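**Student:** There's a structure below that I have some questions on.
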Amino acid sequence: MEENRNPAEELRENLSQVKDKAEKAVEKKAKELIQKELNDQQIARRNKMNALAEQGIDPFGQAYKRTHVSGQIRAEYGGKTQEELDALNVEVRIAGRIMSKRRMGKLGFIHILDRDGRIQVLVNKRIVGDDVYELFKSSDVGDIIGIQGKVIKTQTGELSIEAHEYTHLTKSLRPLPEKFHGLTDKEERYRRRYVDLIMNDDSRRVAFLRPAILSCIRNYMNGQGFTEVETPVLSTLLTGASARPFVTHHNAQDLDMYMRIALELPLKRLLVGGMEAVYEIGRVFRNEGMDPNHNPEFTLMEAYLAFSNLEGMMDLTEGMYQTIAKEVIGKMTYNYNGYEINLEGPWKRVSMTDAIKEQTGIDFRAIHDLDECLRLAAEHEIELEEHEKQYGHIINKFFEKYVEETLIQPTFLYGHPLEISPLTKKNPEDPRFVDRFELFIGGKEFANAYTELNNPVDQLERFQEQLKERDLGNDEANDIDMDYVEALEYGMPPAGGIGYGIDRLCMLFCEQESIRDVLLFPTMKPRED
């Protein structure tokens, strides 16, 4: 007699069966949807993937030990004749992606791409055997393979590898874009950077050039006696620059925090602590618009040097740019923003008021009356927000309208008004201005430097003025950082400081027109379905 079953157990068993059936139905439906989305080429590649597995070949491969990359082979053997290569009898192991493929009977030619570029491989059925040649024949452009073979030159003189062993490493399930055009849609290039790097030699050049530039910067700064440090990305205060922040929330402390908009104040705390020469290269985040010169997250380098000043920062900057030009790129002139830029020194140095006077004839240093400034702004159709109806803001508006785009060759523009420079030491000869400069190249700002404010009383007053500006509508005004004021009360040595936009610097040296071309993964709007 069958034992009575517990109703709860029966229910659990029934639910389990329903769940299994539902999962199988969902899996079947998913496969059907995937199949509908695949084109003929993708279906064919999946069939080849399955065929490889049936032969006992892992479609997605294992580690492969290389002895060379293509650049090494070109450097070591590119200048040799076939007779010299025969005498050397060099055997190499390389790996890369198939970028082109053609067959002439029992002889196949492929070009494979590795990190250094392309190199030709000859696959001879007589040498590799029938089975391997069939494996080669079934390969697709985009597959990744390993080749062991002999370095040779073809009858046309092309440096090549004669394959002795052919190893399948990774099956490409999607065809590459059409070889002559690649990704022609710039938006798609930025979204699918991985495909862009495969198809676009210039994109790959920039991708490797940027880290080489950063390495040179680090070597230069370390050689100047600086120490590289790291400081927090999250902060409870908005300080260090005038910018709208990204706001996030720390759950454990139930606390709103800002993604940093600058690196400045933590680095200057280190000067107080006695580190004396520090720099940081890091991402900062500004909740602002996107255009060819701006991305919401970007790379900034800030450096601070005790016992220095503006002139010290100018010398540091000119030396750094010229070192990159000579050691990484190997030339001093660059095409940037439609201009030919010459980095040979000495670079021009001009005050903001003198630059405005050159363009407009107005000498703001000689004007002390705010009403006169407001009248000139109205005459020149310069619109002012309420918080901008001040001497310094008016000067800055004139600069932006009449001067900024005229600074083409490298120019240190110094002598900024006090109102737009809350962290900078006042000029001892005219306290309406501060000891600050900006570097302009091609009409764009590349760096911003100060003789640092180290007077805690003055600094607190500047912070308080920033709060007044916020009350008047300036949502980029800084918070009061009382801990930083306290740090200054312990004593910070006189110092020079500077911030560099690393992405724009890379745009210059890589000769690119958009910041997106020097960022591997720029911020993009969501796709519109």
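Yes/no per residue for (1) within 29 Å of A243 (Cα to Cα); (2) assigned to a helix (DSSP H, G or I); (3) open to solvent by less than 50 Å² (accessible area, probe 1.4 Å); (4) in contact (Cβ under 8 Å) with a residue 12 or more places away in the chain:
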site	(1), (2), (3), (4)
E340	no, no, no, no
R349	yes, no, no, yes
D371	yes, yes, no, no
L384	yes, no, yes, yes
D430	yes, no, yes, yes
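**Student:** I would also like to ask the following. On the given criteria, is V278 touching a residue at least 24 places away in the same chain (Cβ under 8 Å) and either part of a helix (DSSP H, G or I) or of a type in the set (S, T, Y) (or both)?
**Tutor:** So V278 fails the test.
**Student:** Of everything in the stretch 95-131, what is open to solvent by 40 Å² or more (accessible area, probe 1.4 Å) and either of a type in the set (A, V, I, L, M, F, W, C) or under 18 Å from Q62 (Cα atoms) (or both)? Give them in sequence order.
**Tutor:** Those that are open to solvent by 40 Å² or more (accessible area, probe 1.4 Å) and either of a type in the set (A, V, I, L, M, F, W, C) or under 18 Å from Q62 (Cα atoms) (or both): R97, M104, L107, I127.
**Student:** For the list (1) out of contact with any strand residue (DSSP E or B) (no Cβ under 8 Å at 6 or more places or on another chain); (2) within 19 Å of L413 (Cα to Cα), I need the number of the one condition that A355 fails.
**Tutor:** Status for A355: all satisfied but (1).
**Student:** Testing L413 on (1) assigned to a helix (DSSP H, G or I); (2) of a type in the set (A, V, I, L, M, F, W, C); (3) in contact with a strand residue (DSSP E or B) (Cβ under 7 Å, 6 or more places away or on another chain); (4) closer than 15 Å to F440 by Cα, one condition comes back false. Which one is that?
**Tutor:** If we test L413 against (1) assigned to a helix (DSSP H, G or I); (2) of a type in the set (A, V, I, L, M, F, W, C); (3) in contact with a strand residue (DSSP E or B) (Cβ under 7 Å, 6 or more places away or on another chain); (4) closer than 15 Å to F440 by Cα, just (1) comes out false.
**Student:** Still on this structure: Could you tell me which of the residues L214, L271, L176 is touching a Phe, Trp or Tyr at 6+ places or on another chain (Cβ under 7 Å) and either assigned to a loop (DSSP other than H, G, I, E, B) or of a type in the set (A, V, I, L, M) (or both)?
**Tutor:** Unique residue meeting the criteria: L271.
**Student:** Buried (at least 19 other Cβ atoms within 10 Å of the Cβ), modelled with pLDDT of 95 or more, over 19 Å from the mean Cα position of the chain (by Cα) and not charged (D, E, K, R): does that describe M301?
**Tutor:** Considered against the rule, which asks whether it is buried (at least 19 other Cβ atoms within 10 Å of the Cβ), modelled with pLDDT of 95 or more, over 19 Å from the mean Cα position of the chain (by Cα) and not charged (D, E, K, R), M301 comes out as no.
**Student:** Within the stretch 244-252, is there a residue that is closer than 23 Å to G497 by Cα and of a type outside the set (S, T, Y)?
**Tutor:** Checked against the condition, which is being closer than 23 Å to G497 by Cα and of a type outside the set (S, T, Y), the stretch 244-252 yields at least one hit.
**Student:** Output the number of residues of the stretch 81-105 satisfying the condition of being in a strand (DSSP E or B) and touching a residue at least 40 places away in the same chain (Cβ under 8 Å).
**Tutor:** Final tally of qualifying residues: 11.
**Student:** Quick check on the stretch 398-415: of everything there that is surrounded by fewer than 17 Cβ atoms within 10 Å (Cβ to Cβ) and of a type outside the set (D, E), which residue is farthest from the chain's Cα centre (by Cα)?
**Tutor:** Of everything passing the filter in the stretch 398-415, K401 is farthest from the chain's Cα centre (by Cα).
**Student:** Let me ask something else about it. Taking E438 as meeting all but one of (1) crowded, with 21+ Cβ neighbours inside 10 Å; (2) in a strand (DSSP E or B); (3) not small (G, A, S), write down the number of the exception.
**Tutor:** (1)
The values are calculated or read from the model by the stated rules, or taken from the named source; none is laboratory data. These figures come from a predicted structure and were not determined experimentally. Here Cβ is always computed from backbone atoms with ideal geometry, including for glycine, and neighbour counts include all displayed protein chains. Accessible surface areas use protein heavy atoms only, side chains included; no ligands, DNA or RNA. Shrake-Rupley method; radii C 1.70, N 1.55, O 1.52, S 1.80 Å.
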